[in-house]
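Novice: Here's a structure for you.
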Amino acid sequence: MRKDLFEIIEGKEDLKKYLRLQPIWYRRLTRNPQQLQKMETEAAYFFKKSIPDRVSQLTNGVQMASMMISMFQTMNAVK
């Protein structure tokens, strides 16, 4: 693997973990270093750090907070 690619991967913890979990990327990047962007995208989806995953996490958090607020309001109304 090229030294510049290796330094980029070492600098990003998620890419480093993904490369260890998916060793096929060693071969792909060695043969075609331009696929680094594709690997970064796949790693983001793998670790659920893509934009759709983050929106989903935010939505779930808001729904949970809303449910907790309504539960507290119901508990206060019962007293």
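The values are calculated or read from the model by the stated rules, or taken from the named source; none is laboratory data. Keep in mind that what you see is a predicted model, and the values were worked out from it rather than measured. Note that we place each Cβ from the backbone using ideal geometry, even for glycine, and neighbour counts take in every protein chain shown.
Novice: Any residue in region 44-52 that is among the aromatic types (Phe, Trp, Tyr) and part of a loop (DSSP other than H, G, I, E, B)?
Specialist: Checked region 44-52: at least one residue is among the aromatic types (Phe, Trp, Tyr) and part of a loop (DSSP other than H, G, I, E, B).
Novice: List pairs: first residue in region 36-47 and over 19 Å from Glu7 (Cβ atoms), second residue among the small types (Gly, Ala, Ser) anywhere in the structure, Cβ distance under 6 angstrom, at least six positions apart or on different chains.
Specialist: Here the result reads Ala44/Ser50, each pair linking region 36-47 to a residue that is among the small types (Gly, Ala, Ser).
Novice: From (1) surrounded by 11 or more Cβ atoms within 10 Å (Cβ to Cβ); (2) over 12 Å from the mean Cα position of the chain (by Cα); (3) not hydrophobic (A, V, I, L, M, F, W, C), pick out the condition that doesn't hold for Lys3.
Specialist: Going through the list (1) surrounded by 11 or more Cβ atoms within 10 Å (Cβ to Cβ); (2) over 12 Å from the mean Cα position of the chain (by Cα); (3) not hydrophobic (A, V, I, L, M, F, W, C), Lys3 breaks only (1).
Novice: Within region 55-76, is even one residue surrounded by 10 or more Cβ atoms within 10 Å (Cβ to Cβ), closer than 30 Å to Ile8 by Cβ and of a type in the set (S, T, N, Q)?
Specialist: Within region 55-76 (the criterion being surrounded by 10 or more Cβ atoms within 10 Å (Cβ to Cβ), closer than 30 Å to Ile8 by Cβ and of a type in the set (S, T, N, Q)), the answer is yes, since at least one residue qualifies.
Novice: Looking at Arg28, Arg20, which one is surrounded by 11 or more Cβ atoms within 10 Å (Cβ to Cβ) and either touching a Pro at 6+ places or on another chain (Cβ under 6 Å) or in the same structural domain as Met1 (by TED's automatic domain parsing) (or both)?
Specialist: Matching residue, one of Arg28, Arg20: Arg28.
Novice: Looking at Met64, Met75, Met39, which is the one that is within 28 Å of Trp25 (Cα to Cα) and assigned to a helix (DSSP H, G or I)?
Specialist: Within the list Met64, Met75, Met39, the selection yields Met39.
Novice: Tell me which residues, restricted to region 17-28, are in a helix (DSSP H, G or I) and either β-branched (Val, Ile, Thr) or out of contact with any helix residue (DSSP H, G or I) (no Cβ under 6 Å at 6 or more places or on another chain) (or both).
Specialist: Lys17, Arg20, Leu21, Ile24, Tyr26, Arg27
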